[in-house]
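Note sheet for the following structure.
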Amino acid sequence: MKKLFYASLILLSLSQTSCTMMVKGLVKAVVKGYDNYTDMNVSSFQLADQQGKKHTFASLYAGKTVYFYIWSTLSNRPPGEKNKDYTALKKRFAKYPDVVFADFFIGTDQAAWTADEQKNAGQNSYFLVQDAASENFLSVLKESTMVPFIIGTDGKMLVFKGPKPNDDTLVDYVLYEARNGIDGTTSARKLVRGVNSNEKFKTQELRDWYSGHFNRSPEHVNFSVSSTQ
């Protein structure tokens, strides 16, 4: 009986370790593309508001770290104020005045977008003008039509097709580190490496970050990751 009990404990331990390693392996596979196009700068993007007035990205978001979605179909809007994961993420970052959330429509019908926005105010939404400034960005999106990105305070692309609001812990750490100009692949890998097989942080630095950001002690670190590549 004792042998069976100890064998069960060993199997349970191995199962937990294996599960953690599988999740970490999946995260590593997804985040390797976050640092694609870090040589891209979006400061000169032209963004039209609901009144049709154009602004450059730099004039709207100078000195800000921007988490934004792109979308192309009016019938399928990005996560907004009615999405609990999105609103929870915004609430957690409300204490950082240098972080803003937005979405940019990349469809071709500006008039239809304007009419739709009048029914969905308060989203910090803009129409991305398709011109020479945005041509390269739009060309590398391929078939992606609703994915998030993170832009640094200088307009640099830090996270390309990044973590979504429901990607527990990962999206928070990647966005937090982007405030310091760190690209998404670097920060995500640091986070993954910093978690042991018992789902606990290995370093005091990560424990302090978690406690300060989430306002609670990190008992068990849970990961989830969405493939946006």
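Across the range 79-96, the number of residues qualifying as farther than 26 Å from ASN36 by Cα, in contact (Cβ under 8 Å) with a residue 24 or more places away in the chain and either among the acidic types (Asp, Glu) or not in a loop (DSSP other than H, G, I, E, B) (or both) comes to 3. Just one of the listed residues (ALA94, ALA102) is loosely packed, with under 12 Cβ neighbours inside 10 Å and either touching a Cys at 6+ places or on another chain (Cβ under 8 Å) or not polar (S, T, N, Q) (or both), namely ALA94.
For the range 31-58, the set of residues classified as more than 20 Å from TRP113 (Cβ to Cβ) and touching a Leu at 6+ places or on another chain (Cβ under 9 Å) consists of VAL31, TYR34, ASP35, THR38, listed by residue number. Looking only at the range 45-61, decide whether some residue is under 30 Å from ASN215 (Cα atoms) and at pLDDT below 95. There is no residue in the range 45-61 that is under 30 Å from ASN215 (Cα atoms) and at pLDDT below 95. Of the residues making up the range 130-165, those that are at pLDDT 95 or above, crowded, with 16+ Cβ neighbours inside 10 Å and either hydroxyl-bearing (Ser, Thr, Tyr) or more than 23 Å from ASP98 (Cβ to Cβ) (or both) are ALA133, SER134, THR153.
What do you reckon, is GLY194 within 21 Å of MET146 (Cα to Cα) and touching a helix residue (DSSP H, G or I) at 6+ places or on another chain (Cβ under 7 Å)?
Working: within 21 Å of MET146 (Cα to Cα): no; touching a helix residue (DSSP H, G or I) at 6+ places or on another chain (Cβ under 7 Å): yes.
Here the answer is no, as GLY194 does not meet what is asked.
Is it the case that GLN118 is touching a Gly at 6+ places or on another chain (Cβ under 7 Å) and either modelled with pLDDT under 95 or under 29 Å from LYS53 (Cβ atoms) (or both)? It is false that GLN118 is touching a Gly at 6+ places or on another chain (Cβ under 7 Å) and either modelled with pLDDT under 95 or under 29 Å from LYS53 (Cβ atoms) (or both).
Residues are listed down the side, and each one gets a yes or a no for (1) surrounded by fewer than 17 Cβ atoms within 10 Å (Cβ to Cβ); (2) closer than 19 Å to THR87 by Cα; (3) over 20 Å from the mean Cα position of the chain (by Cα):
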{"site": "TYR173", "(1), (2), (3)": "no, yes, no"}
{"site": "ALA178", "(1), (2), (3)": "no, no, no"}
{"site": "GLY181", "(1), (2), (3)": "yes, no, no"}
{"site": "ARG207", "(1), (2), (3)": "yes, no, yes"}
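Tallying residues that are surrounded by fewer than 16 Cβ atoms within 10 Å (Cβ to Cβ), of a type outside the set (Ser, Thr, Tyr) and more than 18 Å from the chain's Cα centre (by Cα) within the range 30-45 yields 1.
Under the condition of being out of contact with any Phe, Trp or Tyr (no Cβ under 8 Å at 6 or more places or on another chain) and assigned to a loop (DSSP other than H, G, I, E, B), the residues counted in the range 97-123 number 10. Residue pairs whose Cβ atoms lie under 9 Å apart, sitting 6 or more positions apart in sequence or on different chains, and linking a residue in the range 194-212 that is on the phi > 0 side of the Ramachandran plot to a partner that is surrounded by fewer than 16 Cβ atoms within 10 Å (Cβ to Cβ), are GLU199/GLN16; GLU199/GLU219; GLU199/HIS220; GLU199/ASN222.
The values are calculated or read from the model by the stated rules, or taken from the named source; none is laboratory data. It should be emphasised that the depicted structure is a prediction, and the values quoted were computed from it without experimental measurement. FYI the Cβ positions are ideal-geometry reconstructions off the backbone, even for glycines, and counts take in every protein chain you see.
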